[in-house]
Amino acid sequence: MSAFTLERRGGVTLVTFDLPNESVNTISKAVGWELEEVLTRLASDEPTKAIVLRSGKPDSFIAGADIDEFVQLRTVEEAVRLSRDGQLLMQRAADSTKPIVVAIHGACLGGGLELALACHYRVATDHPKTQLGLPETQLGLIPGAGGSNRLPRLVGVRAAFDIILAGKSVRGRKALQIGLIDELVPEAILLETAIAAAERLARGGSRSKRRGGLSGALLDGTPLGRMVVYSKAREQVTKKTGGNYPAPLRAIDVVRTSMEDGMTKGIEAEAQAFGELAMTDVSRRLVEIFFATTALKKDDGVPEGMGRAVPVRRIGIIGSGFMGAGIAGTAVMTAQVEARMKDADLVRVGKGLKAATDLLGVRLKRKQITRYEYERQRALLSGTGDFSGFAGAQVVIEAVFEDLAVKRQVVAELEAHLPATTIIATNTSTIPIHDIAMGARNPERILGMHFFSPVEKMPLLEVIPTSSTSADAIVTAVQFGRRIGKTVIVVADSPGFWVNRILLPYLNEAGFLLEEGVPIEMIDSVMTAWGFPVGPVTLLDEVGLDVGEKAGKGMHAAFGDRLTPSRVISVMRADDRLGRKNSRGFYFYKDGHKTGADGSVFQLLGVRPQGEVDRQLVEERLVYAMLNEAAMAMGEGVVRTPRDADVGAIFGIGYPPFRGGPLRTLDAIGAGEAVAKLERLEASHGPRFHPAPVLEEMARTGGRWYPADGGR
Amino acid sequence: MLTPPPGRRAVVIAGVRTPFAKAGTVLRDASAADLARHCTRELLYRTELPGSEVDEVIYGQVVPSPLLPNVAREVSLLPQLPRTVPAYTLNRACASGAQAICNAADQIMAGHADVILAGGVETLSDVPILHTRKFSQVLVSASKAKSLSERLGLFAQVRPRDLVPVSPAIAEPSTGESMGQSAEKMAKENHISRLAQDEYALMSHQRAAAATADGRLLAEITPWFGGRGMDQVIQTDNTIRADTTLDALGKLRPVFDRKYGTVTAGNASPLTDGAATTLLMSEERARAMGYRPLTAIRSYAVAAVDPGWQLLMGPAYAVPLALRRAGIGWGHLGLVEIHEAFASQVLSNVQAWGSADWSARLGLPSVTGEVDWDRTNVLGGSIALGHPFAATGARLVTTLSNEMVRRDVQFGLISICAQGGMGFAVVLERVA
């Protein structure tokens, strides 16, 4: 079956791209050949004066290049060739003597946008699903099918960098503003507008001209201005990536070559850069994560065919504090479900409603939603002091104070007020779910949903079933979590679950370093250089020292001396330091903003800050504390697969994506080397570094977490 | 008496209202739609009624904003309801809420609907302020003007006095008499003393305060989360003066006739913001869905008198008519709720119902009935609770229904006087 169908409309031939047996269109080699054939045929087809290209998929134009072909590449030469093939295909379209108009509705990404750029005229719909972008840098690549050359020529260097460097996409209105598209129309008249444009171009009509303004002309339009743009972009990218991600920097180079030395040179540079980047470890890791998250989207956390999800239309939330309000606001704005918050104190309910409404307000302000959508979503939020409206909820999430007795009380009350089938999710980071569910009448509908704070921003959700939880409840929680935009992993009901389990020893090690007088900013800078978005000491301030203390005690009780908490936290607590929340922590805060490290912490600890510190050792102690705990937890079966473990670490604690997750890191180091390093650390810093048994086993057998051939 | 087909009796399931607040106070930032949607949504949650069951929304509003002419549709566009629920807003002046409920009852009895949300809302903090006729005409012409000079020419005609905004007064368009002047007139013509009016107002406040303290009124109110931080929780009506005294009331100056008058701010209902919604169903649908109805709408009646006569005397006719349609007499009534626009109006209505002279004067065949204050306005009335015009009728239906259940009363009566000389009466019947 062909991916393209042709239909004549007067002098215009309508080419519909509809990849058989796929939900979205992607550009593969086979598709490329077919498209070339179509273009060749139409070139000599006398009645065809112009061409309109559109998608046959609902709400999606072309999602990008076929990544499956991409991962099979083994050498730089192969990758360069793939890029060249793509470039030639796009050039073919660009060279068509008959004007090609693309009619864009839905996602127009990567190779899809590169094709659209090569065509002669672009009409897109104003639908929210219409997104145009070049996400290649998110996979450690650059646009390799002419996009790095054509985009800056079309929209100017600055706008092109906005799209290419962060791999972000823009909606139709913005695309029109920057000149990426020529016309923006409602979906209903997309096709007729595209055909009319095609007819106009066939008669020799001209395209609309891009608007730029004076500063635009100066910056984008002159070589000198562009030099400023290049160096500014390089500076910003370096600051943002810490030099850990080569793709955006290469993209700047390619664009510069293209704009200053001409497109022929630019095309060469583009293919070469693409080929080299494709073979980097960074790109490999990012592509693996892409596949892992894609696979997670289809994984309901139970064996295939088990469990049926209940469609969620209303959620109840017990506790309208920061967490409860965050969950409510997020659920309303992402899934348009009703969210009803209950709290014993109505003033707290009101404050929770306000906090949740403010999340919608931010979206309104940023014009991500209309005033009408805002009003409608606002009305989905409600609050109460009793259980009215809870019986009609499919899922009730408790987000009350982190205290076992309180949470048990809440579960008991819920069981008294809810039908026996309503799913009860408990949002806890430290208390075992089976303890909370103990004594429940219907333990099969109880599970944990561990949200991260702030809920609307943090992408991960841990779903924690107990041994009694039903498959239906798990599937419902996982699917609902996905609906509200989260990446969901199902983890075992073990202290700290997955994310906090591996985070805590790492934070604890930071505490030990502080006890030894290692400067605060030094510890943080070592880890941000390693690729974390923030360092461990900053993170302690963010999380809150009270929360950290509680978690530390729980983990210590569960795992014994290995996780004896550093005394730093109790010392800080004794000085009424909670971190950012009371503007007293390891750092100074002014108006909610972190200013500098608070040196008086060392006076509290009774140590003198060290001048000379071995950064390498600091890094090793922190990294291995986490890696070893990750191996330990894996050995206990806390996470189902290495995939879930790595995705959880990246999305849950900002583990550097280019390192692929703790287990990928361990594979890169090798179990033997990791064990040797841990043994050295154990000798110098104590038994907490004793290698995890599973690692020792791997070291003996040459085992790995992932297959050596780069499999997923 | 109208006897509906089996199962088609219109029954009251529940009602919820916002707190009532003096205009310009705690609800002043809320729009009519905000208030109406808030209490309606809460009613849906309290009754666990799936939105898909709702056939129609009928709402009353007396002073709508020109920007929001059909508040009922705003209510039916709550995301808890399908977008396909039709809705209309009506205006029967102060009886609008009651009219919305009775229209719903008619639709249900006729078999056109099974589940209707009916109520009323008023935000007297947000009344439309208009331009003068002259200035409006200039604006309209200017919007059609073809050139700048033509436009400037039009604006040149405007005089300073044309720019003074016009705010609507609560006055009869037919007579120019304000509601307060009418109440004053009735007090004089019916010889209702200042003391009698103040005593009546005191009773209203004391009863409302007691019914708030013992939770009976709170049960009908859903909290409003006010203020910029939504942390000002309003749970009670701020119109009630629990600590007022006859002495304090006696010190107030008459408002409408400074020299000979007796009507004061203390013995009249205040301008009020608020909304109330009632859920009505056909009896058969209520039973099928497992609801226990509170009451049924047994009958209703509306009447009007010459606005130039005693403006608020409509109930003198409406009440006997409703009783006749209900097939019962005054003696069957276990509870009575009289809307209190003014103490002088309540006492005038009571006088008219109870006296043979009055009945003859009104051309009624017999005396309507003698009011027993132990069974009348037992939770206070509009003087204490406030009077958001169109919401009052819905408040009365809910309050009376709940109290009829508490006291296990078979029949209850609601009497409402309304602008334009109208009177509205509803007879509720306890459902077993």
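The values are calculated or read from the model by the stated rules, or taken from the named source; none is laboratory data. As the structure is a prediction and not an experimental result, all values here were calculated from the model. For neighbour counting, all protein chains shown are included, and Cβ atoms are generated from backbone atoms with ideal geometry for every residue, glycine included.
List of remarks:
- Residues that are among the basic types (Lys, Arg) number at least 1 in the following helices (runs of 4 or more DSSP H) confined to the stretch A:524-577: A:545-559, A:568-574.
- Single unsatisfied condition, A:Ala271 versus (1) buried (at least 17 other Cβ atoms within 10 Å of the Cβ); (2) within 14 Å of chain B (Cβ to nearest Cβ): (2)
- Considering residues of the stretch B:233-251 that are among the hydrophobic types (A, V, I, L, M, F, W, C) and surrounded by fewer than 17 Cβ atoms within 10 Å (Cβ to Cβ) only, the residue nearest to the other protein chains (Cβ to nearest Cβ): B:Ala242
- Identity of the residue in the stretch B:202-232, buried (at least 20 other Cβ atoms within 10 Å of the Cβ) and without any contact (Cβ under 8 Å) to a residue 12 or more places away in the chain, that ends up farthest from the chain's Cα centre (by Cα): B:Met230
- Among the conditions (1) assigned to a helix (DSSP H, G or I); (2) free of Cβ contacts under 8 Å to residues at least 12 places away in the same chain, the only one that A:Tyr589 does not satisfy is (1).
- Candidates are the residues of the stretch A:369-379 that are among the charged types (D, E, K, R) and within 12 Å of another protein chain (Cβ to nearest Cβ); the one that is surrounded by the most Cβ atoms within 10 Å (Cβ to Cβ) is A:Arg378.
- Residues of the stretch A:295-347 satisfying the condition of being surrounded by 17 or more Cβ atoms within 10 Å (Cβ to Cβ), under 20 Å from the mean Cα position of the chain (by Cα) and among the polar types (S, T, N, Q): A:Thr330
- Of all residues making up the stretch A:657-691, the number that are in a loop (DSSP other than H, G, I, E, B) and in contact with a Phe, Trp or Tyr (Cβ under 7 Å, 6 or more places away or on another chain): 1
- Taken over the stretch B:63-83, the criterion of being within 11 Å of B:Val121 (Cα to Cα) and at pLDDT below 95 is satisfied by B:Val63, B:Pro64.
- Residues of the stretch B:57-104 classified as in a strand (DSSP E or B) and in contact with a Gly (Cβ under 6 Å, 6 or more places away or on another chain), total: 3
- Residue satisfying condition, being at the interface with chain A (Cβ under 10 Å from one of its Cβ atoms) and under 21 Å from the mean Cα position of the chain (by Cα), within set B:Arg37, B:Arg28: B:Arg37
- Of the listed requirements (1) touching a residue at least 12 places away in the same chain (Cβ under 8 Å); (2) more than 14 Å from chain B (Cβ to nearest Cβ); (3) under 28 Å from the mean Cα position of the chain (by Cα), A:Arg366 misses just one: (1).
- The set of residues in the stretch A:600-640 that are more than 25 Å from A:Leu461 (Cα to Cα) and β-branched (Val, Ile, Thr) comprises A:Val601, A:Val607, A:Val613, A:Val618.
- The stretch A:344-363, residues that are away from every other protein chain (no Cβ under 11 Å) and within 25 Å of A:Phe480 (Cβ to Cβ): A:Leu359, A:Leu360, A:Gly361, A:Val362, A:Arg363
- When the residues of the stretch A:455-485 are filtered to those that are over 17 Å from A:Ile424 (Cβ atoms) and in contact with a Phe, Trp or Tyr (Cβ under 8 Å, 6 or more places away or on another chain), the one that is surrounded by the fewest Cβ atoms within 10 Å (Cβ to Cβ) is A:Pro459.
- Taken over the stretch B:43-62, the criterion of being farther than 16 Å from B:Gly119 by Cβ and either acidic (Asp, Glu) or modelled with pLDDT under 95 (or both) is satisfied by B:Glu48, B:Glu53.
- Selection within the stretch A:595-642 - of a type in the set (Gly, Ala, Ser), in a loop (DSSP other than H, G, I, E, B) and farther than 30 Å from A:Leu695 by Cα: A:Gly599, A:Gly606, A:Gly611
- Hey, B:Glu150 surrounded by 20 or more Cβ atoms within 10 Å (Cβ to Cβ) and either farther than 30 Å from A:Arg314 by Cα or of a type outside the set (Val, Ile, Thr) (or both) or not: no
- Residues located in the stretch B:1-25, provided they are more than 18 Å from the chain's Cα centre (by Cα) and either in a helix (DSSP H, G or I) or surrounded by fewer than 24 Cβ atoms within 10 Å (Cβ to Cβ) (or both): B:Met1, B:Leu2, B:Thr3, B:Pro4, B:Pro5, B:Pro6, B:Gly7, B:Arg8, B:Arg9, B:Ile13, B:Gly24, B:Thr25
- Boolean, A:Lys265 is surrounded by fewer than 23 Cβ atoms within 10 Å (Cβ to Cβ), basic (Lys, Arg), over 30 Å from B:Met230 (Cβ atoms) and modelled with pLDDT of 95 or more: yes
- Residue list for the stretch A:380-430, filter: within 14 Å of another protein chain (Cβ to nearest Cβ), of a type in the set (A, V, I, L, M, F, W, C) and out of contact with any helix residue (DSSP H, G or I) (no Cβ under 8 Å at 6 or more places or on another chain): A:Ala393, A:Leu418
- Qualifying residue in the stretch B:88-98 (condition: in contact with a Phe, Trp or Tyr (Cβ under 9 Å, 6 or more places away or on another chain), under 15 Å from B:Ala275 (Cβ atoms), within 14 Å of another protein chain (Cβ to nearest Cβ) and at pLDDT 95 or above): no
- Total residues in the stretch A:697-712 satisfying the condition of being in a helix (DSSP H, G or I) and either out of contact with any Leu (no Cβ under 9 Å at 6 or more places or on another chain) or hydroxyl-bearing (Ser, Thr, Tyr) (or both): the figure is 4.
- Residue count for the stretch A:447-499, restricted to those that are in a loop (DSSP other than H, G, I, E, B), free of Cβ contacts under 8 Å to residues at least 60 places away in the same chain and among the aliphatic types (A, V, I, L, M): 0.
- For the stretch A:241-262, filtered to residues that are small (Gly, Ala, Ser) and outside any helix (DSSP H, G or I), the residue that is modelled with the highest pLDDT is A:Gly262.
- Qualifying residue in the stretch B:51-65 (condition: closer than 30 Å to B:Ala288 by Cβ, within 10 Å of chain A (Cβ to nearest Cβ), surrounded by fewer than 22 Cβ atoms within 10 Å (Cβ to Cβ) and out of contact with any helix residue (DSSP H, G or I) (no Cβ under 8 Å at 6 or more places or on another chain)): no
- All of (1) of a type outside the set (Lys, Arg); (2) crowded, with 23+ Cβ neighbours inside 10 Å; (3) within 22 Å of A:Val282 (Cα to Cα) hold for A:Thr130 with one exception: (3).
- Residue that is under 15 Å from A:His450 (Cβ atoms) and modelled with pLDDT of 95 or more, where the choices are A:Val526, A:Val537, A:Val478: A:Val478
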